[in-house]
Structures are given as structure tokens and as C-alpha cells.
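A quick write-up on the structure given underneath.
We did not get these values from a lab; they are worked out from the coordinates using the rules stated. Given the structure is predicted, the values throughout are model-derived calculations rather than measurements. Note that we place each Cβ from the backbone using ideal geometry, even for glycine, and neighbour counts take in every protein chain shown.
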Amino acid sequence: MEVSTTKFAHQAPSDAQGNSEKKFNDAWQRVINQQKRNDGLRADAQAFAQDIQSRIQDKEKAYMDAMYFACLHLLSFCTRKSLAQWHREMLLEWAAEYVQAMENNPFSQHLDMSALQRRMADAFAVAYPEPQLEAGAGDFDFDDNGHDIGGDEDPSIQDMFQDLFDEFERADAAGNPFAEHDDPHSEHSFFNEFSQRQQAHEQQVRDENLALKQLIRSSSVNKLFRKLAGILHPDKERDETVRMEKNRLMSELIRARDSNDIPRLFAFYAEYVGESPLQELGGDLDGAAQLLDRHLLYLREQKDDILDENPLAGALYRRFHKSTPAASQRAVNKHLKEIHALTNALRDMRHDITSVNRLKPYLELRRDMFFQEDVFDYI
């Protein structure tokens, strides 16, 4: 959409005015094109996700049902006395994996997860009973500094821990000189660096938004808003229908200003004032073009967030949308085949595990797999 000062077409604009007007129109057109691309992506993603969801939801729900009943079946063995402690621990880890998978799956909303979590809590209570201490045995008594002064603990052990605590306190009092030599690849250093970068990015966003808002309020763009507000203000309207419509328009106008939606303000001006906003902007065309360029950057960043506006739609679009419809269809067919196989495997497993003796080989296999993973991680 191009706005030009046709009202003054008989006057030849200066080169500076012509360049500013061209810069403004080019910036506005880039914004309009990006907005159309964003709106198109939003509509395409929603339509695509609805189509995919209708094609896979029955298989997905069947898979979640199979996992739910498999999890309940596994938990029913936790109280068996013939299971060793490591059996119960492995069994609970197995069930916990299923619970986490179901909680993260959008097609599990029909399941009664609260009942399953209660069963998990009961199984944990059996596997990890609270220790029962005899009266007076292992009691701890602490002084005002938090040091243990009671019980029958070996004094040499007490002295060892006391020396260790004293060493830590001395290091803290000296400003912890070892802190400067932390491993830069350690998890702690990584999260500190990530947090600092995140805070810096958030501060940058706040600074940019503040600068943009100040530019809007201090420029002649504010004149456009005031003129529009005078036209659209509902207080002087006697007709209730017109008043309600102007209330709606006024709310949209305020939202456009507060969200720094400059193109929306310009479009409002052209529609309800009936003339180009360029005439009101006058010599501030360069500043208005700068506002549009900032808004263009915002729209480009927003493009990356569009798929996250609806988490399920975004997940389905990212998972199955390919370069061609045929490729998308192949991806869906492959997924459905995999889901069908996994569902049958869960059902077969539940039917196969009919006793503790039939369960133990599964647990031993899982233990061996975990052991191999730990070895590979260590290597």
C-alpha cells in the first residue's frame, strides 16, 4: 500500500522531499508485505495442523491408551515381595518414563493422569519407605552455628568435618579466590553465562521498545494519533450503535499506539481522516520511515514466534510440514506406521508380563541397557 501526496501533485517536490517520501513508501511497503507473509504463515499453519490432527489423533489416542494401561500394569507389581530393591527402582523408572511421555503428549488429555500419579506415589512409598529410627539412636543436636553437638558420632569424624567447614568459611572470607578459576565448561559456568546473555538480551529489548515509544511520542506521529482520537472518540455520539462502534475503533487505535504498530496508525489515518498521513508528517518523513524499519524488524522476529502461538499447531507444522504435499503425506504415513507399531508393542508387553518371573527379564534388559549407556557416557 503506497501513500503519496496527490493533493499537492501540481507542486514539484524538492529532491529531499521526494527522497524522503520514497524512503517512507518503500519502508511502509516492506512492512505491509512482511505482515502479509506473517498472516499467511499463521493461516497456513492453523489449516495444516487441523488437517494433520484429524488424520492422526485416533492413532495417537490409541497409543496413549496403550501406554496408560501398560503403566498401570507395571505399577501393579511394585508390592511383590519377590522383587529385589533394584527391581522396584528400575520398575519405577520405567513407569515414570511413561508418565512423562503422556504428560508431554497433547493427545493424552482424555486420560485420568491424577489417578495414575496417585498410583505412582503409592509405589514410591513401597519402594522407598521412610526409615524408622529408634528413640535416642542417631539423634542430632545442633548449636547456634548449626554444628552437630549430640549423638554418638566418632569425634575424629566430627573434627574432620569441622576442619572442612572451617576451610570453606576461610575461602568465603577471602573472597573465594578459586571462583576466578572455575572450569569454563562446567554446568555452573554455562548456566551463569546463559543467564547473563538472557538478561542482556531482555535489557536490549526493553531499551529498544523504550526508544521506539519515545520516538513515537516525540515525533509528529503523535499528531496523527491525536487527530484520529478526536474523530473516533465516542463521547459526542448520541446513537448507541455508532457509540459502540467508535468504542471498538478507539480501543484498536490505543492498542496500535501502545504496541508501536505504526502501519496500523497510518492505515487508520488514511481510512478515517481521508487523506495521506504524509501530509501530517511533513518534514518528519525520515523519522516515520525509521519507525517503519523498526516495526519491520519486530515483524520478522514475530515470524519466528507465530508457530508458538498455538503449541499443538506449531508442533504439528514443524513435524510434518515439508516442501511438497507429497512429502508431507509420506511423513504422516511414516509416523502413523511407527505409532501403530509402538501401540502393538505396548499391548503385547502388557499381555506377556503375567507374573513376576515374566517381568524380571524385562527389568534385567533395561538394567543392562542403562549400564551400557553409562559406560558409553563415561568413555
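With θ taken as phi - 60° and the coefficients 6.51, -1.76 and 1.60, list the Karplus ³J(HN,Hα) couplings across segment 46-55 in order, rounded to whole Hz; mark glycine and proline as x.
Values per residue, Gly and Pro as x: 5, 5, 4, 5, 4, 5, 5, 4, 5, 8 Hz.
Say each of Ser259 and Asn222 gets a label point 7 Å from the Cα, pointing the same way as Cα to Cβ; how far apart are those two points in nm?
Spacing of the two 7 Å Cα→Cβ label points: 2.3 nm.
Order the peptides 237-243, 111-117, 72-78 from the highest to the lowest mean number of other Cβ atoms within 10 Å of their residues.
Details: 237-243: 10.3, 111-117: 13.0, 72-78: 18.3.
Output ranking for 237-243, 111-117, 72-78: 72-78, 111-117, 237-243.
If each residue's Cβ is checked for other Cβ atoms within 10 Å, how do Arg37, Arg206 rank with the fewest at the top?
Details: Arg37 14, Arg206 10.
The order, fewest Cβ neighbours first, is Arg206, Arg37.
Grab the beta carbon distance between Asn19 and Glu240, set R0 = 41 Å, and tell me the FRET efficiency rounded to 0.05.
For R0 = 41 Å, the calculated efficiency reads 0.25.
In nanometres, what is the gap between the two model label sites at Thr79 and His340, each 7 Å from Cα along Cα-to-Cβ?
4.0 nm
May I ask you to list the GluC sites (Glu not before Pro) in segment 295-359 that are in a DSSP loop and have at most 10 other Cβ atoms within 10 Å of their Cβ? List each step's numbers first, then the result.
Working: sites: Glu301, Glu309, Glu338; in loops: Glu309.
Qualifying residues, ordered by number: none.
Across segment 23-28, in residue order, what do the Karplus-derived ³J(HN,Hα) couplings come to in whole Hz, using 6.51 cos²θ - 1.76 cosθ + 1.60 with θ = phi - 60° and x for Gly and Pro?
After applying 6.51 cos²θ - 1.76 cosθ + 1.60, I find 4, 5, 5, 5, 5, 5 Hz.
Spin-label point model (7 Å from Cα, Cβ direction): what's the His110 to Ala331 distance in nm?
It is 2.6 nm.
Cut-off 13 Å, label point 7 angstrom out along Cα-to-Cβ of Glu89: give me the residues of segment 352-367 whose amide nitrogen falls inside.
Correct set: 367.
Please give the contour-minus-distance gain from Asn357 to Arg206: 0.36 nm per residue of separation, less the Cα-Cα distance, rounded to one decimal in nm. Can you show the working numbers first?
Working: separation 151, 0.36 × 151 = 54.36 nm, distance 6.20 nm.
The span from Asn357 to Arg206 would gain 48.2 nm if fully extended.
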